[in-house]
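A.B. asks: This structure is in structure tokens; I'll ask about it shortly.
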Amino acid sequence: EKMTTLKNSYSTIALVLSDQLDHAISSLKCVDPATDLVVMMEVYEEATYVKHHPKKIAFLFSAMRHFANELVQKGFTVLYYKLDCKKNHQSLTKNIEALTQKYEPERLFITEPGEYRVLEFLKKWQKELSCEVYILPDDRFFCDHETFENWVTGKKSLVMEHFYRMMRKDTGYLMESDGKPTGGNWNYDQDNRNKYDGKTEIIGPKTFQPDAITLEVIALVEKEFNSHFGSTTPFWFGVTAKEARLSLNHFIKHSLPHFGTYQDAMVENEHFLFHSVLSQYINCGLLSPRLVCEEVIKAYKNNHAPINAVEGFIRQIIGWREYIRGLYWHLMPEYTNMNHLKAKRPLPKMYWTGETDMKCMRHVIQQTKEEAHSHHIQRLMITGNFALLAGILPEEVCDWYLAVYADAFEWVELPNTLSMALFADGGILATKPYAASGNYINKMSNFCKGCPYNVKKRLGEDACPFNYLYWNFLEENKKLLESNQRLRFAYANLKKIPADELKAIKKQSEEFLSSNTILD
Ligand code: FAD
Ligand code: DLZ
């Protein structure tokens, strides 16, 4: 689809991918609006290699279309392939092959992608296309590949906290002039584990009405991807940088002050609590992580938000987010095959249907279906924890997480799922598995109230499955995990369970995991 009149040939072309929607992206710096061509493509291949959530596809396509319009307004010439345009070959490679034949460019610029799979085919382009293909660094990140590799070199363990402190020093965020951390501590995690008090007003993220472009995209997505898990409505995401910025302001004003305190809390029918819900904007380029950090720190300096909230938030962005990205590129491509605990069960059907009597699982899966979003503790300690305890194949769990969340791109999804949730890397990211029984869920949420399963019981028909699965998990993985110092209390408690009760726990776990509730 032409967005402006095209010439017969272009010496320079830049390709902008759907997660690179930033006017300052490195590829765009290499094109001259007066003479060069920018290309963007909606393609089936990218939308279906895992069956992405329809809301995620609609969000990305609408954001791409808005971004392309902005480029045209700035004077760029843009060749934009809508999904349903006739000349679309539905694959980035096939379209680029056709394009380079037609326009005979001398050079093609692309900012490095967020997936190893895509990088692999870009490298093939470098060999096979008739033009020079330049893959440029993605300087939206604070930590480049070289800095991360230097940090890794010679280390026995890659503890996030150590990386985070380096990033605090590098960025100067929340640092005093004497080199000490603001507030006196590096980390206020112990203040960030409260159950929701039921009183603090929850405002939630800023919502937007879909405009004509988004409505057109939603209609297209509903027609083309109706077999995918999830719904396009309600659609309230922003789709431009301006809207993403308004969402940031809204978060700072209403939720940031409580972000730290309730960071780990979960509440039935509350989808977002005090989380920012900015990840989809940051990851696709609509919102700069630097701007996010600077605005959040400004709120601290203006006494609008306390240190536990601000430090907790900054840690997510310059700590976790950057560390996760570094690990991904450090460990690929072998990473995807890791399965330390030898988990082998297929992904239960309930992950696609949301049909289960376990209230917490039902809530998180149904929310995911509706919103293409759930917050961190829901992802980690409900759906992730269940997959860990039930020994679900990492590959299938990872594909689910990659498909169902609007913020999911492999560089960020894989380490979070495979390493953090499933311990499939054997402890590179986490020092112990985030395995928890129903007790944790009951402590941090109100899901257990009114659940047909009894969170206080570990055996019997109405016992909470998280309970017997937890002990069964420890027992099943004894050889691999018993020597882990951080699990010594858990294993000491396992030892206290009488042999006949442990036998019954194993039996009930086996029956539950092979039952129709799980598999059908
Ligand atoms: P907030 O809680 O408001 O946090 C602020 C920001 O910090 C986020 O927007 C995000 O940019 C960053 N952040 C926080 N935690 C992490 C983290 N662990 N890794 C990377 N960035 C982080 N995040 C994704 O962006 N994409 C994913 O595909 C993704 N998959 C996940 C899968 C699992 C199994 C788990 C446990 C976590 C996953 N996360 C992922 C991390 C985290 O859950 C989301 O970043 C967060 O829920 C997004 O919501 P928010 O914007 O409200 O975050
Ligand atoms: C996730 C996704 C989807 C659904 N669709 C497209 C698309 O049509 N065009 C595109 O350029 N990118 C898409 N993506 C993102 C890619 O799958 C991939 O994650 C990024 O290109 C990595 O940088």
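The values are calculated or read from the model by the stated rules, or taken from the named source; none is laboratory data. Being a predicted model, the structure only gives us computed values, none of them experimental. We place every Cβ from the backbone using ideal geometry, glycine too, and count neighbours over all the protein chains shown. Heavy atoms of the whole protein, side chains included, go into the accessibility calculation; ligands, DNA and RNA do not. Shrake-Rupley method; radii C 1.70, N 1.55, O 1.52, S 1.80 Å.
A.B. asks: Return the sequence-ordered ³J(HN,Hα) values of the range 191-206 in whole Hz as given by the Karplus equation 6.51 cos²θ - 1.76 cosθ + 1.60 applied to θ = phi - 60°, using x for Gly and Pro.
C.D. replies: Per-residue couplings from phi come out as 8, 10, 10, 8, 6, 4, 7, x, 10, 4, 5, 9, 8, x, x, 5 Hz.
A.B. asks: OK, next. Label the range 366-447 by shape, choosing from rounded, prolate and oblate, from the square roots a ≥ b ≥ c of the eigenvalues of the Cα gyration tensor; if a/c is under 1.5 it is rounded, and otherwise prolate applies when a/b is larger than b/c, oblate when it is not.
C.D. replies: oblate
A.B. asks: May I ask you to give the solvent-accessible area per residue for the chain, in square angstrom, as obtained with a 1.4 angstrom probe?
C.D. replies: 43
A.B. asks: For helix 289-301, what angle does its Cα long axis make with the longest principal axis of the chain, in degrees from 0 to 90 and rounded to 10?
C.D. replies: Tilt of helix 289-301: around 60 degrees.
A.B. asks: Over the chain, what is the mean sequence separation of C-alpha contacts under 8 Å (at least six apart), divided by residue count, expressed as relative contact order in percent?
C.D. replies: Dividing the mean separation by the residue count of the chain yields 15 percent.
A.B. asks: Run the dipole for the range 233-304 about the Cα centre, Lys and Arg Cβ at +1, Asp and Glu Cβ at -1, nothing else charged, and hand back the magnitude in debye, nearest 20.
C.D. replies: It comes to approximately 380 debye.
A.B. asks: Of LEU108, ALA24, ALA98, which is farthest along the charge dipole of the range 1-140 in the positive direction, counting Lys and Arg as +1 and Asp and Glu as -1 at C-beta?
C.D. replies: ALA98
A.B. asks: Counting Lys +1, Arg +1, Asp -1, Glu -1, what net charge surrounds MET166 among other residues with beta carbon under 14 Å of its beta carbon?
C.D. replies: That works out to -1.
A.B. asks: A further question on this structure: Might you work out the accessible area of TRP329 for me, using a 1.4 Å probe with all protein chains in place, and round it to the nearest 10 Å²?
C.D. replies: Ignoring ligands and nucleic acids, TRP329 comes out at about 50 Å².
A.B. asks: For the range 164-316, compute Rh as the Kirkwood radius over C-alpha pairs and then the Stokes-Einstein diffusion coefficient at 20 °C and 1.002 mPa s; write the answer in µm²/s, rounded to an integer.
C.D. replies: 125
A.B. asks: Here's something else I'd like to know. Count the net charge of all other residues whose Cβ sits under 11 Å from the Cβ of SER255, scoring Lys and Arg as +1 and Asp and Glu as -1.
C.D. replies: Here the count lands on +1.
A.B. asks: Here is a further query. Which value at 222 nm does the chain reach when only helices count, each DSSP H run of 4 or more adding -39,500 (n - 2.57), with the total divided by all residues and rounded to the nearest 500 deg cm²/dmol?
C.D. replies: Calculated mean residue ellipticity at 222 nm is -12500 deg cm²/dmol.
A.B. asks: When a/c is below 1.5 the answer is rounded, else prolate if a/b is larger than b/c, else oblate, so apply that to the chain with a ≥ b ≥ c taken from the square roots of the Cα gyration tensor eigenvalues.
C.D. replies: prolate
A.B. asks: Further, regarding this structure: Which sequence of THR417, THR153, THR431 reflects their accessible areas, 1.4 Å probe, from the largest down?
C.D. replies: Per-residue accessible area, sorted high to low, gives THR153, THR431, THR417.
A.B. asks: Right, something else. Dipole of the chain (Lys/Arg Cβ +1, Asp/Glu Cβ -1, origin at the Cα centre): which of PRO289, MET40, ILE382 lies farthest to the positive side?
C.D. replies: ILE382
A.B. asks: On to the next question. From the backbone phi of the range 6-12, what are the Karplus-calculated ³J(HN,Hα) couplings (6.51 cos²θ - 1.76 cosθ + 1.60, θ = phi - 60°) in whole Hz, Gly and Pro given as x?
C.D. replies: 9, 7, 7, 8, 9, 7, 10
A.B. asks: What ³J(HN,Hα) values, in whole Hz, does the Karplus curve 6.51 cos²θ - 1.76 cosθ + 1.60 give for the range 180-187 when θ = phi - 60°, with x put for Gly and Pro?
C.D. replies: Per residue, the Karplus-derived 3J(HN,Hα) values read 8, x, 4, x, x, 10, 6, 8 Hz.
A.B. asks: Follow-up. Of all the accessible heavy-atom surface of the chain, with the other protein chains kept in place and a 1.4 Å probe, what percent is carbon and sulfur?
C.D. replies: 49
A.B. asks: Okay, next question. Rounded to the nearest 0.05, what FRET efficiency do LYS169 and LYS253 give with R0 = 41 Å and r taken as the Cβ-Cβ distance? Could you check?
C.D. replies: After rounding to 0.05, the efficiency reads 0.90.
A.B. asks: Here's another thing I want to ask about it. Find the centroid of the Cα atoms in the range 308-326 and in the range 96-119, then give the distance between the two in whole Å.
C.D. replies: Cα centres, the range 308-326 to the range 96-119: 32 Å.
A.B. asks: Which one, VAL364, GLY391, PRO333, projects farthest toward the positive side of the charge dipole computed for the range 328-402 from Cβ point charges (K/R +1, D/E -1)?
C.D. replies: The residue sitting most towards the positive pole is GLY391.
A.B. asks: I'd like the accessible area for HIS66, computed on protein heavy atoms only with a 1.4 Å probe and all protein chains in place. Round to 10 Å², please.
C.D. replies: Accessible area of HIS66: about 20 Å².
A.B. asks: Run the 1.4 Å probe and let me know the accessible area of TRP320, rounded to the nearest 10 Å².
C.D. replies: 50
A.B. asks: Tell me the angle of helix 116-128 to the major Cα principal axis of the chain, expressed in degrees between 0 and 90 and rounded to the nearest ten.
C.D. replies: In the chain, helix 116-128 runs at an angle near 30 degrees to the longest axis.
A.B. asks: How about the range 129-216: which GluC sites (Glu not before Pro) there lie in a loop by DSSP and see at most 16 other Cβ atoms within 10 Å?
C.D. replies: For GluC sites (Glu not before Pro) across the range 129-216 that sit outside H, G, I, E and B with at most 16 neighbouring Cβ atoms in 10 Å, the list reads GLU176, GLU201.
A.B. asks: Which pairs, out of LYS82/LYS253; LYS180/LYS253; LYS29/LYS301; LYS102/LYS124; LYS180/LYS301, put more than 25 Å between their alpha-carbon atoms?
C.D. replies: Long pairs (Cα-Cα over 25 Å): LYS82/LYS253; LYS180/LYS253; LYS29/LYS301.
A.B. asks: Given the C-alpha centroids of the range 345-407 and the range 179-234, what is the distance between them in whole angstrom?
C.D. replies: What the calculation gives is 17 Å, centre to centre.
A.B. asks: While we're looking at this one, here's another question. Hey, with R₀ at 41 Å, roughly what FRET efficiency would LYS507 and ASP197 work out to, going by the Cβ-Cβ distance, to 0.05?
C.D. replies: So the FRET efficiency works out to roughly 0.50.
A.B. asks: With +1 on the Cβ of every Lys and Arg and -1 on the Cβ of every Asp and Glu, and nothing else charged, how large is the dipole of the chain about its Cα centre, in debye rounded to the nearest 20?
C.D. replies: Its charge dipole is roughly 1160 debye.
A.B. asks: Cα axis of helix 359-371 to longest principal axis of the chain: angle in degrees, 0 to 90, nearest 10?
C.D. replies: 10
A.B. asks: Still on this structure: Give me, ordered by chain and number, the residues 5 or more places off ALA463 or on other chains with an amide H under 5 Å from its own placed amide H.
C.D. replies: For ALA463, whose amide H was placed from the backbone, the distant partners under 5 Å are ASN454.
A.B. asks: Another question, then. With all protein chains present and a 1.4 Å probe, how do SER157, SER374 order by accessible area, largest first?
C.D. replies: From most exposed to least exposed: SER157, SER374.
A.B. asks: Any chance you could count the Lys pairs in the range 431-482 whose alpha carbons are under 19 Å apart, treating pairs 8 or more apart or on different chains as valid?
C.D. replies: Lysine pair count for the range 431-482: 5.
A.B. asks: Let's see if you can work this out: charge +1 on each Lys and Arg Cβ, -1 on each Asp and Glu Cβ, no other charges. What is the dipole magnitude of the range 443-520 about its Cα centre, in debye to the nearest 20?
C.D. replies: The calculation lands at about 520 debye.
A.B. asks: Rounded if a/c is under 1.5, else prolate if a/b is larger than b/c, else oblate: which is the range 193-272, with a ≥ b ≥ c the root eigenvalues of its Cα gyration tensor?
C.D. replies: oblate
A.B. asks: Measure off 7 Å from each Cα along the Cα-to-Cβ vector at LYS74 and ASP462, then give the distance between these two points in nanometres to one decimal.
C.D. replies: Distance between label points: 6.1 nm.
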